[in-house]
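Engineer: I am attaching a structure below and will ask some questions about it afterwards.
The values are calculated or read from the model by the stated rules, or taken from the named source; none is laboratory data. All figures in this text were calculated on a predicted structure; none of them were measured in a lab. Here the Cβ positions follow ideal geometry from the backbone for every residue, glycine too, while neighbour counts run over all protein chains shown.
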Amino acid sequence: MIKSTSQIRQEFLNFFHSKGHQIITSSPLILPDDTTLLFTNAGMNQFKDIFLGQKKPKYTRITTAQRCLRVGGKHNDLEKVGYTARHHTFFEMLGNFSFGDYFKQEAISLAWELLTSSKWFGLPKDKLLVTVYADDHDTFKIWEKKIGLPLERIIRIGDNRGSAYASDNFWQMSETGPCGPCSEIFFDHGAHIKGGLPGSTDEGGDRYIEIWNLVFMQFNRKSNGTMIPLPMPAVDTGMGLERITAVLQNVHSNYNIDLFQKLIQSIIQITGTTKIHDKSLHVIADHIRSCAFLIADGVLPSNENRSYVLRRLIRRAVRHGYTLGAQKGFFCKLVSPLIHVMDESAETLKRYQNKVEQVLKTEEEKCDKTLEKGLFLLNQELSKTSDDTLNGETLFRLYDTFGFPIELVEDICRERHISVDKVGFTLAMKEQRQRARNASGFHTNYNNVLYITHKSEFKGYDCLQLNAVISIVIVNEEIVDTIYAGQDGVIILDCTPFYPEGGGQVGDQGTLTAHNHTCFIIKNTKKYAQAIGHIGTLTHGRLSKGDTVLAQVDKENQISIRLNHSATHLLQAALRLILGPKVTQKGSLINAQYLRFDFSYDQPMTQAETREVEAIVNKQIRRNLPIEVHIMELNKAITLGAMALFTEKYDQYVRVLKIDDFSIELCGGTHAQRTGDIGLFHITSESGSASGVRRIEAVTGEEALSKIYHPYDALSDIAQLLRVNHRNLYKKVSSLIDCVQTLEKKTQNLQHQQAIQESLLLRKKAIEIKNIQIVISHVNVSEPKILRILVDNLKHHLGSAIIVLATISNGKVSLVTGVTKDLTHHTTATELLKYLAKQIHGKGGGSQHLAQATGVNIEALPTALTNVKSWISDKIKII
Ligand code: SER
């Protein structure tokens with residue numbers, strides 16, 4: 001019987017459990033405490049500290065099915081994914097671990113038993129062969145003597161990767177950390193498949209496939225290359241679940257195992273593709289696994305490190321989807337089928353399904369926009385060209401700048417009988433790579449994550465405009481030579497007056513301009529390591545690396561920001577005066593419109609306290625104090641009492657902002673010259689932002705003035721509406737309230753009168769069925785709530801009755817049912833309501849004696865009221 005992937009996973013864990021191993025759940029794909037790893041790439045990662053002797057193990061034998069990602073760092077399989085039978089970005093690694101318990105001999109015996117015993121995986125012994133580290137004679141002997149493997153099926157592998165310990169049979173987690181010799185077990189798929197023995201020149205073929213790696217951890221590798229023996233030898237084994245499943249299910253490609261086949265079927269169905277043998281299906285199947293689990297484990301797509309890897313994976317998958325003909329938004333729909341196929345391993349994913357789908361959906365939309373822009377450019381180029389071939393440079397620009405897949409361009413061109421210059425495309429790609437390598441100030445790593453080492457000089461403390469030279473241009477997260485009109489991008493200059501987002505202050509806005517109306521509109525400015533990136537859109541012309549531009553900060557915007565920033569310092573000092581020194585800054589936001597200041601304080605401020613703080617700040621503004629900047633040693637600043645954020649790391653020399661005798665703080669932001677520039681300070685709100693943290697929002701300058709006018713303007717409008725002058729407003733509003741209250745009372749009385757009249761009539765309409773009084777009626781009342789009064793009234797007067805009343809108001813049917821206590825053994829008000837509500841498409845509820853519902857099907861009411869009579873009659877049991 002063929003076992004499913006889930007069964008194989010479980011059988012592995014059961015086997016080791018039966019051998020005294022504790023089953024531990026998979027760790028997330030991100031190990032927050034381990035900065036040496038981009039992603040979890042092996043089962044042993046979560047036990048690193050135990051291997052190193054830094055943590056005591058709770059169990060000495062452990063087994064896991066660990067989710068892993070290999071798209072960066074030492075183990076990176078991304079380029080191979082989709083094009084080989086066995087490579088994945090995401091995969092599950094089955095493993096058993098011994099911490100100072102068993103070592104080589106038992107590890108090998110256990111592996112052999114699981115693989116070959118007919119009780120377990122039952123693989124034919126003659127299909128298995130192994131490799132050992134050339135110097136590891138012990139392991140060689142165990143395979144030869146204890147297991148009885150013929151010598152020709154034990155292959156020694158030395159340092160085949162160019163330096164000491166650089167070997168396929170010496171495993172290390174990353175550049176540093178636990179490592180040791182390993183022995184790999186291979187499965188022979190048969191002579192009909194191409195490929196040589198491990199260690200031979202054609203080992204790259206598919207005939208001999210590594211299925212299990214047994215690592216004997218013995219050393220800790222330090223960053224200088226030295227190997228320090230571990231406190232206790234340990235075992236770490238890893239078997240790719242997808243590979244062993246392929247072997248056990250007798251299929252050659254991992255993508256043909258049940259798990260992937262089901263997932264691929266879902267992809268075919270969701271994309272509606274007819275290309276059912278296309279490699280893109282493999283890419284999507286692989287990438288939905290990595291993307292979904294990355295998001296479930298807390299990574300969100302953006303342009304930095306792990307988040308950037310996620311973004312590229314999503315884009316790659318979405319592009320492949322489009323080549324299959326998928327509609328927009330297909331990718332997030334794959335989460336549900338993925339959860340289904342991953343079975344027990346999908347627990348985390350199941351928990352965060354909604355979030356994962358939402359993140360994928362939003363990212364896919366962003367990706368769509370990029371593709372849309374690319375399409376626009378392509379159409380422009382095609383309308384310009386009179387050739388019957390689209391040149392390689394444009395092809396490359398589409399690919400490079402807009403992430404436009406070449407197949408898509410080919411499709412569009414085919415419709416117009418235009419061919420594409422693929423050779424030119426490859427050439428342009430090579431040239432770009434070369435340029436990237438040669439360029440200074442940045443490099444991209446294996447994942448194309450941008451590392452910018454350029455340093456920009458910030459001159460914004462002294463000026464708001466200057467001429468600068470472009471150092472780097474980034475479009476679509478790639479470094480390019482030129483940005484063209486219509487493109488969004490990031491431009492880095494040698495020096496800049498633009499303040500980059502930081503210390504709570506937002507990044508500056510403005511323009512970069514050059515000859516011929518070339519204009520880059522800057523929406524935000526941010527730090528990229530030591531560089532300052534201007535983020536925006538080129539509206540006219542083109543800009544290239546090396547061009548000189550006039551960089552101009554939006555002056556009005558920056559001045560408003562300055563006022564708010566200086567006011568924030570005054571606010572902090574005032575708060576400490578009124579509420580005491582336990583007030584410390586917890587966060588802030590300073591933009592041109594307002595300022596927000598979060599601080600530690602455990603109760604809401606009273607109105608008097610808020611007023612007092614506001615008054616103190618305004619007093620400092622009226623004193624028109626100078627705002628001075630001093631650069632000094634951190635220690636000196638702290639001795640002078642400068643406020644600092646404990647969460648922040650400061651350099652030895654710091655920038656200190658001093659407002660006379662009133663405030664002294666470490667600050668890198670931009671500020672007014674004197675407090676008088678602020679003009680006016682006004683607190684607009686005081687609220688709680690987290691436990692023990694209060695938040696003040698405030699405005700300054702003109703904004704404060706206009707906010708202060710708001711209530712006066714509103715009062716004027718009200719006075720005008722009521723046709724009185726300001727002085728009489730209070731009196732007028734009081735008399736209006738009295739008037740409304742009197743009218744409400746009158747209305748209530750009238751409704752009551754109406755109910756009494758109506759109930760008199762209804763009593764007369766009561767019919768008798770099997771000696772029980774029944775009232776069924778459609779009544780006209782001014783408000784549905786009167787129905788309840790009526791039912792109560794009828795119950796009171798009739799003493800014993802079943803009542804159904806309905807009315808129509810605001811296009812809806814309202815129903816109230818009532819059954820007196822003595823009759824509930826026949827039917828109840830809720831049962832009656834349920835019967836009726838269904839017919840009028842309504843919803844409601846209540847008790848045994850009184851229930852009410854509202855429904856939308858007005859037309860059904862007459863029939864419902866007619867039918868209910870015989871329904872009640874059927875319910876009445878004659879005892
Ligand atoms: N750590 C080894 C590997 O990843 C065995 O688990 O191959």
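Engineer: Restricting to region 412-427, what's the tally of residues that are within 39 Å of the chain's Cα centre (by Cα) and part of a strand (DSSP E or B)?
Structural biologist: Number satisfying all stated conditions: 1.
Engineer: Looking at (1) assigned to a strand (DSSP E or B); (2) over 21 Å from Asn780 (Cα atoms), can you tell me which one Ser814 breaks?
Structural biologist: (2)
Engineer: Now for a different question. If I filter region 320-360 down to residues being within 28 Å of Glu410 (Cβ to Cβ) and of a type in the set (D, E, K, R), which single residue comes out as modelled with the highest pLDDT?
Structural biologist: Within region 320-360, the match that is modelled with the highest pLDDT is Lys333.
Engineer: Looking only at region 215-225, decide whether some residue is away from the ligand (no atom under 15 Å from the Cβ), within 29 Å of Arg9 (Cα to Cα) and in a loop (DSSP other than H, G, I, E, B). I'd like the intermediate steps shown before the answer.
Structural biologist: So the first thing to find is which residues in region 215-225 are away from the ligand (no atom under 15 Å from the Cβ), and the list is 222-225.
The next check asks that each one be within 29 Å of Arg9 (Cα to Cα); those that pass are none.
No: region 215-225 contains no residue that is away from the ligand (no atom under 15 Å from the Cβ), within 29 Å of Arg9 (Cα to Cα) and in a loop (DSSP other than H, G, I, E, B).
Engineer: Would you point out which residue out of Ile483, Ile522, Ile492 is aliphatic (A, V, I, L, M), free of Cβ contacts under 8 Å to residues at least 40 places away in the same chain and part of a strand (DSSP E or B)?
Structural biologist: Details: Ile483 fails: free of Cβ contacts under 8 Å to residues at least 40 places away in the same chain; Ile492 fails: free of Cβ contacts under 8 Å to residues at least 40 places away in the same chain.
None of the other options fit; the residue is Ile522.
Engineer: May I pose another question? Within region 831-853, which residues are crowded, with 17+ Cβ neighbours inside 10 Å and farther than 18 Å from Val775 by Cβ?
Structural biologist: Listed by number, the residues that qualify are Ala837, Gln839, Ile840, Gly842, Gly844.
Engineer: With the checklist (1) buried (at least 24 other Cβ atoms within 10 Å of the Cβ); (2) modelled with pLDDT under 95; (3) under 30 Å from Glu478 (Cα atoms) in hand, flag the one item Arg289 doesn't pass.
Structural biologist: All conditions are met except number (2).
Engineer: Evaluate the following for Lys707: is it more than 30 Å from Leu805 (Cβ to Cβ) and not hydrophobic (A, V, I, L, M, F, W, C)?
Structural biologist: Details: more than 30 Å from Leu805 (Cβ to Cβ): yes; not hydrophobic (A, V, I, L, M, F, W, C): yes.
Considered against the rule, which asks whether it is more than 30 Å from Leu805 (Cβ to Cβ) and not hydrophobic (A, V, I, L, M, F, W, C), Lys707 comes out as yes.
Engineer: Tell me, which residue of region 324-363 that is buried (at least 18 other Cβ atoms within 10 Å of the Cβ) and out of contact with any helix residue (DSSP H, G or I) (no Cβ under 6 Å at 6 or more places or on another chain) is farthest from Gln66 (Cα to Cα)?
Structural biologist: Met342
Engineer: Residue check: is Pro229 within 16 Å of the ligand (Cβ to nearest atom) and modelled with pLDDT under 90?
Structural biologist: So Pro229 does not fit the description; no.
Engineer: To continue, here is another question. Which one of Asp508, Asp598 is crowded, with 17+ Cβ neighbours inside 10 Å, without any contact (Cβ under 8 Å) to a residue 60 or more places away in the chain and touching a strand residue (DSSP E or B) at 6+ places or on another chain (Cβ under 7 Å)?
Structural biologist: None of the other options fit; the residue is Asp508.
Engineer: If a residue has to be assigned to a helix (DSSP H, G or I) and over 20 Å from Gly321 (Cβ atoms) to count, how many in region 260-307 make the cut? Talk me through it step by step, then tell me what you get.
Structural biologist: First, the residues of region 260-307 that are assigned to a helix (DSSP H, G or I): 260-271, 280-296, 305-307.
Within this subset, residues satisfying the condition of being over 20 Å from Gly321 (Cβ atoms) are 296, 305-307.
Going through region 260-307 one residue at a time, the tally reaches 4.
Engineer: Now, a different point. Filter region 5-58 down to the residues that are of a type in the set (Gly, Ala, Ser) and within 16 Å of the ligand (Cβ to nearest atom), then identify the one that is surrounded by the fewest Cβ atoms within 10 Å (Cβ to Cβ).
Structural biologist: Taking region 5-58 first, the residues of a type in the set (Gly, Ala, Ser) are 6, 18, 20, 26-27, 42-43, 53.
With within 16 Å of the ligand (Cβ to nearest atom) added as a condition, the list becomes 26-27, 42-43.
Working: Ser26: 19, Ser27: 17, Ala42: 23, Gly43: 27.
Restricting to residues being of a type in the set (Gly, Ala, Ser) and within 16 Å of the ligand (Cβ to nearest atom), the top hit is Ser27.
Engineer: Another question, then. Is at least one residue of region 470-478 outside any strand (DSSP E or B) and at pLDDT below 95?
Structural biologist: Yes, region 470-478 contains a residue that is outside any strand (DSSP E or B) and at pLDDT below 95.
Engineer: Can you find, within region 94-115, the residue that is farthest from Glu11 (Cα to Cα) among those that are in a strand (DSSP E or B) and not polar (S, T, N, Q)? Explain how you work it out, then say what you get.
Structural biologist: Going through region 94-115, the residues in a strand (DSSP E or B) turn out to be 94-99.
From what is left, the residues that are not polar (S, T, N, Q) are 94-95, 97, 99.
Numbers: Leu94: 11, Gly95: 12, Phe97: 16, Phe99: 22 Å.
Filtering region 94-115 for residues that are in a strand (DSSP E or B) and not polar (S, T, N, Q), the one farthest from Glu11 (Cα to Cα) comes out as Phe99.
Engineer: Moving on. Go through (1) closer than 16 Å to Arg576 by Cβ; (2) under 40 Å from the mean Cα position of the chain (by Cα); (3) aliphatic (A, V, I, L, M) and name the single condition Val617 misses.
Structural biologist: Result: Val617 fails condition (2) only.
Engineer: Take the residues in region 235-253 that are closer than 11 Å to Thr5 by Cβ and away from the ligand (no atom under 16 Å from the Cβ), then tell me which one is surrounded by the fewest Cβ atoms within 10 Å (Cβ to Cβ).
Structural biologist: Gln249
Engineer: In addition: Name the pairs: first residue in region 198-214 and of a type in the set (Phe, Trp, Tyr), second residue within 16 Å of the ligand (Cβ to nearest atom) and in a strand (DSSP E or B), Cβ to Cβ under 8 Å, at least 6 apart or on different chains?
Structural biologist: Close Cβ pairs satisfying both conditions: Tyr208/Phe186; Tyr208/Phe187; Trp212/Glu184; Trp212/Ile185; Trp212/Thr237; Trp212/Gly238; Trp212/Met239.
Engineer: While we're here: Scan region 121-164 for residues that are assigned to a helix (DSSP H, G or I) and polar (S, T, N, Q) and jot them down.
Structural biologist: If we filter region 121-164 for residues that are assigned to a helix (DSSP H, G or I), which is where we start, we get 125-127, 137-147, 151-153.
Thr139, the sole residue that qualifies.
Engineer: Also, quick follow-up: Only residues that are within 16 Å of the ligand (Cβ to nearest atom) and hydrophobic (A, V, I, L, M, F, W, C): list them for region 161-212, please.
Structural biologist: Ala166, Phe170, Trp171, Met173, Cys179, Cys182, Ile185, Phe186, Phe187, Ile209, Ile211, Trp212
Engineer: Exactly one of these conditions fails for Tyr102: (1) under 44 Å from the mean Cα position of the chain (by Cα); (2) surrounded by fewer than 19 Cβ atoms within 10 Å (Cβ to Cβ). Give me its number.
Structural biologist: Among (1) under 44 Å from the mean Cα position of the chain (by Cα); (2) surrounded by fewer than 19 Cβ atoms within 10 Å (Cβ to Cβ), Tyr102 violates only (2).
Engineer: Now, a different point. So which residues in region 580-602 are more than 25 Å from Gly701 (Cβ to Cβ) and over 33 Å from the mean Cα position of the chain (by Cα)?
Structural biologist: Gly580, Pro581, Lys582
Engineer: From the list Ser118, Ser183, pick out the single residue that is small (Gly, Ala, Ser) and part of a strand (DSSP E or B).
Structural biologist: Numbers: Ser118 fails: part of a strand (DSSP E or B).
Selected residue: Ser183, the only one of Ser118, Ser183 that is small (Gly, Ala, Ser) and part of a strand (DSSP E or B).
Engineer: Can you pull out the helices (runs of 4 or more DSSP H) entirely within region 332-400 that have at least 2 residues that are of a type in the set (A, V, I, L, M) and under 22 Å from Glu478 (Cα atoms)? It would help to see each step written out before you state the result.
Structural biologist: On the way: elements: 335-342, 347-351, 353-384.
Per the criteria, 353-384.
Engineer: Quick one: which strands (runs of 3 or more DSSP E) lie wholly within region 669-788 and hold at least 3 residues that are surrounded by 13 or more Cβ atoms within 10 Å (Cβ to Cβ) and modelled with pLDDT of 90 or more?
Structural biologist: 681-690, 693-700, 772-778
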